[in-house]
Amino acid sequence: MERVLREGAFTGETHIVTGAGQGIGNRVAAALAAHGACVALVDLDEGRLREVQSELAGFAATEPLVVPANVTDEEDVKGVVAAVLEATGCINGVVNVAGITRDARIAKKSYDDFKAVVAVHLHGTFLFTREAAAQHWHPLFKANGNQPLDDGVNRYIVNFSSVSARDGNIGQVDYTAAKGAIEAVTRTTAREFAGYGVRVNAIAPGPVRTPMLAAIGDEGMAAMARTTLVGRIAEPEEMANTICAIADPKLFGYTTGQIFHANGGMYRA
Ligand SMILES: NC(=O)c1ccc[n+]([C@@H]2O[C@H](COP(=O)([O-])OP(=O)(O)OC[C@H]3O[C@@H](n4cnc5c(N)ncnc54)[C@H](O)[C@@H]3O)[C@@H](O)[C@H]2O)c1
């Protein structure tokens with residue numbers, strides 16, 4: 001993974017990345033590791049995460065942590081945050097990438113699918129946000145036995161919205177509901193966490209070349225590309241590099257509560 005920031009930009013830091021098994025989350029984990037971070041890899045399948053760990057070991061200064069979890073499971077998420085704190089003593093960043101789709105028009109949408117999609121995106125984002133604060137960032141964390149972070153230490157969250165939060169998308173009433181809510185959650189979290197020095201932002205990508213998007217096929221992808229001003233689908237590395245910039249307090253230290261519209265000009269913010 002090519003480095004786009006200064007060498008060692010995140011050296012000595014620990015960053016949790018959900019959905020690290022494939023797609024954008026995988027590239028985000030690689031990009032953060034390439035800049036010196038210890039990355040905690042979260043996804044459903046431990047075997048896949050072990051493969052990612054070996055792939056990243058080739059260039060990561062610190063061996064990535066493998067912490068398999070279902071982001072919708074409260075006990076799993078509590079366990080991830082506790083395990084990462086046990087291993088490194090500090091959490092500097094959380095990137096909530098994990099996601100699923102279960103596309104069907106509203107009349108045909110099962111309630112179970114609706115709940116499953118909202119759970120992964122919205123509930124997963126909430127659970128990681130709460131646990132990072134409850135176990136570590138909140139001023140009362142000393143009651144939990146953790147040491148306070150020094151002033152000036154990097155602390156951030158990046159959540160994942162989508163261009164479809166604003167535009168809507170046929171077949172994705174659940175997905176767009178969750179993404180719109182994630183933008184609102186991002187603004188509320190930014191307000192609450194500002195007092196603990198945590199910057200909270202979201203990225204709202206347009207179409208990105210990943211297994212999730214592959215479901216719409218080549219023709220669908222070509223049609224999506226035509227709706228952008230740049231005339232192409234984004235590569236996951238481009239989203240990962242944007243996340244690295246947002247995660248870097250030297251670049252975006254004065255930015256919180258914002259939605260980054262990385263959509264190739266599909267709409268103007
Ligand atoms: N690809 C796009 O065009 C696009 C556009 C806008 C937004 N997004 C958003 O970007 C994020 C990543 O999307 P992607 O395209 O890389 O998807 P992807 O399907 O390629 O990868 C998603 C990852 O999340 C993991 N995951 C799913 N459910 C989980 C759960 N319950 N617990 C833990 N991990 C779980 C999957 O195993 C997978 O590794 C998602 O939030 C998605 O909504 C993607």
Exercise for the section: Describe numerically, in nm with one decimal, the distance between label points set 7 Å from Cα along Cα→Cβ at residue 245 and at residue 107. Expected result: 4.4 nm
Exercise for the section: Quickly estimate the mean residue ellipticity at 222 nm for the chain, helices only: each DSSP H run with n ≥ 4 gives -39500 (n - 2.57), and the total goes over all residues, rounded to 500. Expected result: -12000 deg cm²/dmol
Fill in the blank from the handout: Taking 0.36 nm per residue of separation between residue 44 and residue 255 and subtracting their Cα-Cα distance, the length gained on full extension comes to 72.8 nm
Handout entry: Where chymotrypsin sites (Phe, Trp or Tyr not before Pro) fall in DSSP loop in the range 214-269, at most 11 other Cβ within 10 Å
Key = 254
Handout entry: Exposure rule at most 14 other beta-carbon atoms within 10 Å, DSSP loop GluC sites (Glu not before Pro): the chain longest free segment
Key = 8-269
Handout entry: Semi-axis lengths, Å, the range 182-226, gyration tensor of Cα atoms, sqrt of 5 times eigenvalues
Key = 35, 9, 8
Practice task
With the convex hull built on the Cα atoms of the chain, state its orientation-averaged projected area in nm².
Solution key: 13.7 nm²
Handout entry: Distance (nanometres) between label positions extended 7 Å along Cα→Cβ at residue 4 and residue 230
Key = 0.8 nm
Fill in the blank from the handout: Ordered by fewest other Cβ atoms within 10 Å, a rough proxy for footprinting exposure, 3, 105 read 105, 3
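Values in this text are rule-based calculations from the coordinates and carry no lab data. The structure displayed is predicted, hence computed values, not measured ones. With ideal geometry, Cβ positions are generated from the backbone for all residues, glycine too; neighbour counts draw on all protein chains shown.
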